Amino acid sequence: MMRAADLPDTIPVFPLPGALLLPRARLPLHLFEPRYLQMFEDTLKTPHRLIGMVQPHDGPDGKPKLHAIGCGGRITQFSETEDGRYMITLSGISRFRIKQETTGFCPYRRADVSWEGFGRDLGPTETDTNFDRTNFLELLHKYFVHHGLETDWDSLKDAEDELLVNSISMLCPFDPEEKQALLEAPSLSTRRETLITLIEFALRGGMADEVIQ
């Protein structure tokens, strides 16, 4: 487990809409664009091997901006395809807050970040004492049927609270703003409540911006 002292002040950031990474969770990624292949190769040379996953959004001028809060993931697995692409796995370490993007010649985006305020992410696995798993799984089943999704329900029934809530948060096809709301939830119970709200609203056919305002 990484310590706060091991976390770097500057990291590469990967703005991928809808790709949510959470602490202690794993995110598979397929890298093929030259700039992100370069990002991967440069990151492997660092002692921390961290890449920051961030949700992009349109700024007032129409140019792509980055949300202030993202999650740093450590490269823990990778394989190269015959045509030079990479399949990698990021293991979520901690959320961060972007202080500023760095300037200078680099094909990918980099940012100075602060890890303060996210000490819970470096701690032990969280539990949710008020988690009604039976009702949650019934609601989730309706959502999966509605969207034509499949999963291993036996594994979900046996999964720990954090693994279940975080895996579903990452898996469900929510829009980037909804994913950001799940990322910024201060605790597992808050994330679970947000997740239930998003699922219920999706089943009613509601609009995302009405949920997270």
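The values are calculated or read from the model by the stated rules, or taken from the named source; none is laboratory data. Note that the structure is a prediction, hence the values are computed from the model and not measured. Quick reminder, even Gly has a Cβ in these numbers, built from the backbone with ideal geometry, and neighbours come from all protein chains shown.
The table below gives the values:
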item: Neighbours by Cβ (under 7 Å, 6+ apart or cross-chain): first from the range 23-47, crowded, with 16+ Cβ neighbours inside 10 Å; second part of a loop (DSSP other than H, G, I, E, B); result: Arg24/Thr125; Leu27/Ala19; Leu27/Leu21; Leu31/Arg85; Tyr36/Tyr108; Met39/Tyr108; Thr43/Arg49
item: Selected residue [under 27 Å from Asp175 (Cα atoms), touching a Gly at 6+ places or on another chain (Cβ under 9 Å) and part of a strand (DSSP E or B)] from Ile88, Ile93; result: Ile93
item: Selected residue (only one of Phe201, Phe144, Phe174 is in contact with a Ser or Thr (Cβ under 9 Å, 6 or more places away or on another chain), modelled with pLDDT under 95 and not assigned by TED's automatic domain parsing to the domain that holds Val54); result: Phe144
item: Candidate set: the range 150-195, residues that are of a type in the set (A, V, I, L, M, F, W, C) and more than 28 Å from Glu116 (Cα to Cα); chosen: the one nearest to the chain's Cα centre (by Cα); result: Cys172
item: Unmet requirement for Ser94, which otherwise passes all of (1) in contact with an Asp or Glu (Cβ under 9 Å, 6 or more places away or on another chain); (2) among the polar types (S, T, N, Q); (3) in the same structural domain as Thr190 (by TED's automatic domain parsing); result: (3)
item: Per-region count, the range 98-129, residues among the basic types (Lys, Arg) and without any contact (Cβ under 8 Å) to a residue 60 or more places away in the chain; result: 1
item: Spans of strands (runs of 3 or more DSSP E) in the range 1-56 with at least 1 residues more than 19 Å from Arg97 (Cα to Cα); result: 26-31
item: Criterion violated by Gly104 - all others in (1) more than 25 Å from Glu162 (Cα to Cα); (2) not assigned by TED's automatic domain parsing to the domain that holds Leu29 satisfied; result: (2)
item: Residue check, Gly18 on the phi > 0 side of the Ramachandran plot, surrounded by 12 or more Cβ atoms within 10 Å (Cβ to Cβ), at pLDDT below 95 and out of contact with any His (no Cβ under 7 Å at 6 or more places or on another chain); result: yes
item: Among the residues listed as Pro56, Pro64, the single one being exposed (fewer than 15 other Cβ atoms within 10 Å of the Cβ), within 19 Å of the chain's Cα centre (by Cα) and outside the structural domain of Glu177 (by TED's automatic domain parsing); result: Pro64
item: Scope the range 129-185; condition crowded, with 18+ Cβ neighbours inside 10 Å and of a type in the set (Lys, Arg); matching residues; result: Lys179
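Residue by residue, here is whether (1) within 18 Å of Ile93 (Cα to Cα); (2) among the acidic types (Asp, Glu); (3) in contact (Cβ under 8 Å) with a residue 60 or more places away in the chain holds:
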site	(1), (2), (3)
Leu137	no, no, no
Phe144	no, no, no
Val165	yes, no, no
Lys179	yes, no, yes
Ala202	no, no, no
